[in-house]
Amino acid sequence: MGSTFLCSEAVRGEGAVLVNAAGQRFMQSVHPDAELAPRDVVARGIAVEMAAQGGRAVCLDASVVEAKHGAGFLAHRFPTIDRAVKERGLDWAHEPIPVTPAAHYWMGGVRTDPLGRTSIPGLFAVGGVACTGVHGANLLASNSLLESAVFAWQAAQFWNSNNYDPISKNEEPNHAIRFYEREAVLTTHVDRLALPFPHRVAHRRDFPIASTAWHVRSSTRGGLC
């Protein structure tokens with residue numbers, strides 16, 4: 001099992017708080033809603049606090065939730081997270097656990113059209129890595145699943161047609177495709193999601209861009225990157 005896992009923001013919704021290396025809460029000075037601020041604000045607040053303490057992770061203290069609701073509450077309310085935490089030798093019912101922002105909070109980066117095309121010939125992007133224009137930086141829960149399914153279907157169909165023409169590099173992200181055109185893609189193709197995908201699969205290639213992406217496309221990005 002990997003060393004990291006997704007700790008749902010629902011834990012903060014139950015009352016867990018974020019603390020720095022000194023054990024002090026810091027989100028109160030970032031936003032009036034503190035840990036319940038919009039997800040991009042919280043992710044950015046964590047990133048800034050991590051930078052201020054030399055890159056060390058901040059911690060999520062859920063012990064206050066366990067103390068409020070009684071022993072066993074976290075295990076019952078969040079069984080998957082509880083299991084993951086315990087597998088790593090941590091006891092989140094009694095002590096804070098380290099957390100950092102994740103790629104989940106990029107929430108759209110590579111500009112695409114409704115077919116999943118980017119400005120690079122032959123390169124398609126779908127899902128959380130793509131900036132489709134369907135939603136902003138604070139998408140509603142599970143919207144990403146629908147977006148991924150629909151635009152993946154679009155990209156697969158187009159890619160299977162052997163047409164790799166890129167979109168124009170001169171188009172601005174917010175104007176490349178008007179929203180109502182993207183909305184039409186969702187409503188037109190959502191009923192086809194149960195159909196089989198083409199069997200042709202692109203070869204997987206890994207590129208050493210993780211560090212660069214973290215610096216220019218993470219939660220502290222500004223403007224167009």
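Expressed in nm to one decimal, what extension gain is obtained for the pair HIS76 and ALA21 from 0.36 nm per residue of sequence separation less their Cα-Cα distance?
Stretched fully, the HIS76-ALA21 segment lengthens by 17.0 nm.
Evaluate the Kirkwood expression for the hydrodynamic radius of segment 1-141, namely the inverse of the mean inverse distance over all pairs of different C-alpha atoms, and round to one decimal in Å.
It works out to 16.7 Å.
Laboratory data are not the source of any read-out in this text; all were calculated from the coordinates shown. These figures come from a predicted structure and were not determined experimentally.
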